[in-house]
Structure formats: C-alpha cells, structure tokens
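The block underneath contains the structure these notes are about, expressed in structure tokens.
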C-alpha cells in the first residue's frame, strides 16, 4: 500500500531508444488530492545532488571552516580530534567562521551542514584504467570499488540518486533528472573513452546515465505537451520503440543460451535495461492528457548570452542559472523528487573572475602557491554563488510546511580535494591536485525539519561517506541500513 503523498497532477517524459517516453501512471497517485486533504498537509522531501568537477580547494580559507592555521607538525595528527589535512584545526559547531568560499552562502547559514573528514575508502584502491584525475565525480555518489569486479578492468555501481529513484520514483511522473551545465571538461572527455567515469549518475549496471544540457529542451520535455502533430509523432515513435524492443528481446532470448558466461552477463545487463524500457512504454500512454500545474510566473528559459565556457567564461553564470531555474521549477512543480546536476568545474575560461590561466593546470594544480590558490578560491566561490542562487529559488517556493528548501536535502560536493594531502616531510606541508580524502561536501535544506542544520561537523578520517547516504535514504522514507560500503547511518545529523 502506498503512503499518501502530495497531489501529482504533473507531466514529464524520459528518453528511450530515441523516443520521448512518458513515465508510468500509478493508481496510488491518482486520488492524492482527496487523500492529502484527509491526511493533512505534509509536503514531500526532495534530494538534489550538485557536483563540481575537478575538485575544490580544501586548505586554509577554503570550503572547510578552520581555526589555528596550517601546521606541518600538527598535520601528522590529521584526521583525528578535529585536525584537518594541512594541520589546521576544524572550526566546528554552530558558531563556525564562514570562509571566503562559504561566504556566498551566509544567508543560508541556518540551512547548512558543512561536513569534513568523509571519504570513500574504495577510492584508495588503484585502477588500471583511470586514476583520480579521470575518476573525479565518478564514485562520489556510488562509493563503488571500480576495480572489484573479477575479469572487468573497470565497473562502477549504481549511484545514490538512481538507487533512491528506484525506491521512490514511482511517486512522481519522472523518477529522476540528470542534468549538466556547459560542455564536456577534460575529465569527462578522458574518462568517457576510458570507462564512463567523470559523471554523477549511474544506473543499476554501473553505466553512466545520459545527461541533459539544454535548459529550454528540459523545460519543454517536463512542462509542455506540444501540438497535436507533436503528440501524434510521440504515439508513432512509441509504437516504433515497442516494435524495436520486442525484436531485441526475442533476439536475446534466442542467443542467451549459446554464449559464454561473460557474454551472458553482459546480455543480462542489457536485457534488464530493455525490459525496463518495455515496462515504461507499456504504461506511458496513461500519462497523456494530465496537465502540469506550473506556479505563476514560470517561463521557458532563453538562450544564454556571453562567452559561456570558452573565451573569458563570462556567459557561464547565466548558463548555470538558466538550468538551475528549470531544476528549481521541477522540484516546485513536483514532477520529480530526485535530481543530479553537474554544475561546473575547473575547465573553460575564468578570465571574467580575473584569473585567465588554465584552471586545471594552474589553479587545481596549485602546489600551495598563494597566487594560484587565490584563483582556486575565486572559482570555488563563484560556484558557491550559484549554489546560493539555487537555494534562493527553492526558499522562495513556498508550500505546506515552509518552503521547498525546508523540505529538501541538497548535497553539494566534489570528487576531489585540491589542497593539503595530510602528509608532511621536512616540516613542510605537501599538496595534492586531485586528492580523494576529506572530500569537499556540504548539505543544504532541513529535510522537513529533521536535519540538525546550521553547523560544521568534522569526522575522523576513515568515516565512510556512504554512511551519509544511509542517513539520507532513511530521511527520504527508505528504511534500509545499507548502501554501497556503508556500515551505519552517519552520526550527528538528525
């Protein structure tokens, strides 16, 4: 029996073999207006993952609040008793000092949880296909040992957003959104050819989910039904897709018994994907004709102006905000409650910030040079300004129980730390361009009032990042105690 949730008179579509396929209609969703009126006004919770590619500066005055600055001697004790990599002491609790990186989020201080000390132990295991540079965001939401599948050089696992979508996605028209802003970075280009790393979202078989990068196209897909000709074309495409899937399933059934075990495993993975598409096609028609209720003032995004990610990068802020507008609108309209977005990273131009050099080679690979660190902090601060923009949109969207932000868990992070690495030699602090410990993470939103926000929580090195996902899924109504390599819910958050 489904737990009554917020009314769902929404529309969305997914892509399947080139088709625009709407998601299944569920009986439990039809009468929710009446059910909600009887049960009271409880708004749904949402989960948004925001990924920043190429890492973040995690040294002094970076993402993590600190006091008592860097110390080569104290860095030997890092990871315990509040000592950060580089020897600075973590400034924890509710009265932490806002760093220059966090300053753009000052207005949302009471909604924030800054988390330091977490990492994925599996990231420490070497892989023959990609290193940290190529892996980047690839395991941030999976926690997977990408080298752990016998006979396979690299295999990722399901990402937390997709795991969550599989559990609660039937409560909305669209189980999840996978978005990206801007062109591919050096990491994505490298990793695509070497094993699908560098993305945020991965399906149950560990394959990267397709992402959408055009805000106007995302808006049209979520919020418009199109003309009669468009609807007829969708019907025809749906029939063609159904025929293709039927043929594919017949072919796979015929050859499965005639191949070796490794090939059979690959076929099983593909077979599962095809069957899932088949289910969605069979139920897609039931979404037709049910309108989306958009809030007043909602409008289709325009084309971004300016230099975007090339040249001086002056257009990238507008490009990010156009996509964030659509993301916030999707959450407010309740077309989905799970989303991931690769917002930006250390690629393209940043001349508009006053730092025109190669962001990856100079500012990520800063080596502790103060001038280069200034560039890294400027890039990170600009990304935090865009996060603040998203939080502002979610906060402005009022609903029962407060705002959409009040009823959300927004996880923002990077897969890499560009800062002190926790090692010291000859009384000097050393730095990593792409470290995979003490991963940059923060949470915004109060999960319906259940999160203890407004504080910086520091964890001893070895505390598993996947424990955070166990806490998150339980807050979202998935009462399970495992995800990836998690050992328990993360302490100190609820």
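Read-outs: derived from the displayed coordinates by stated rules, not from any lab. Computed from a prediction, not measured in an experiment: that's the story for all the values here. We place every Cβ from the backbone using ideal geometry, glycine too, and count neighbours over all the protein chains shown.
Starting with the highest mean, order 434-443, 205-214 by the number of other Cβ atoms within 10 Å, averaged over the residues of each peptide.
434-443, 205-214
Provide the gained length on full extension for the span residue 73 to residue 124, in nm with one decimal, where the gain is 0.36 nm per separating residue minus the Cα-Cα distance.
15.9 nm
With N set to the number of residues, divide the alpha-carbon radius of gyration of the range 357-420 by 2.2 N^0.38 Å and report two decimals.
After normalising by residue count via 2.2 N^0.38 Å, the value is 1.52.
Quick check of the Kirkwood formula: for the range 84-135, what is the inverse mean of 1/r over all pairs of different Cα atoms, in Å?
Computed over Cα pairs of the range 84-135, the Kirkwood hydrodynamic radius comes out at 14.1 Å.
For the peptides 216-222, 481-487, what is the packing order when you average, over each peptide's residues, the other Cβ atoms within 10 Å and list the highest mean first?
Working: 216-222: 18.6, 481-487: 16.9.
Result, highest mean first: 216-222, 481-487.
Under the classification rounded if a/c is under 1.5, otherwise prolate if a/b is larger than b/c and oblate if not, where does the range 439-482 fall, given a ≥ b ≥ c as square roots of the Cα gyration tensor eigenvalues? Each step should come with its number before you reach the end.
Values: a/c = 2.40, a/b = 1.14, b/c = 2.11.
In terms of gyration-tensor shape, oblate.
Can you give the FRET efficiency to the nearest 0.05 for residue 170 and residue 147, using r as the Cβ-Cβ distance and R₀ = 30 Å?
Efficiency computed from Cβ-Cβ geometry: 0.35.
In nm, to one decimal, how far is the residue 204 label point from the residue 261 one, both placed 7 Å along Cα→Cβ?
Here the answer is 2.3 nm between the modelled labels.
For a footprinting-style exposure proxy, rank 353, 416 by other Cβ within 10 Å, fewest first. Display every interim value, and only then the final one.
Numbers: 353 16, 416 30.
Ordered from fewest to most neighbouring Cβ atoms within 10 Å, 353, 416 come out as 353, 416.
When you count, for each residue, the other Cβ atoms within 10 Å and take the mean per peptide, how do 344-352, 48-56 rank with the highest first? The partial results should precede the final answer.
Working: 344-352: 23.0, 48-56: 26.9.
Answer by packing, highest mean first, reads 48-56, 344-352.
Give me 57, 78, 66 ranked fewest to most by other Cβ atoms within 10 Å of their Cβ, as a rough exposure proxy.
Numbers: 57 32, 78 24, 66 27.
Least to most surrounded, the residues fall as 78, 66, 57.
Suppose R0 equals 41 Å. What FRET efficiency, 1/(1 + (r/R0)^6) with r the Cβ-Cβ distance, do residue 42 and residue 216 give to the nearest 0.05?
Efficiency computed from Cβ-Cβ geometry: 0.75.
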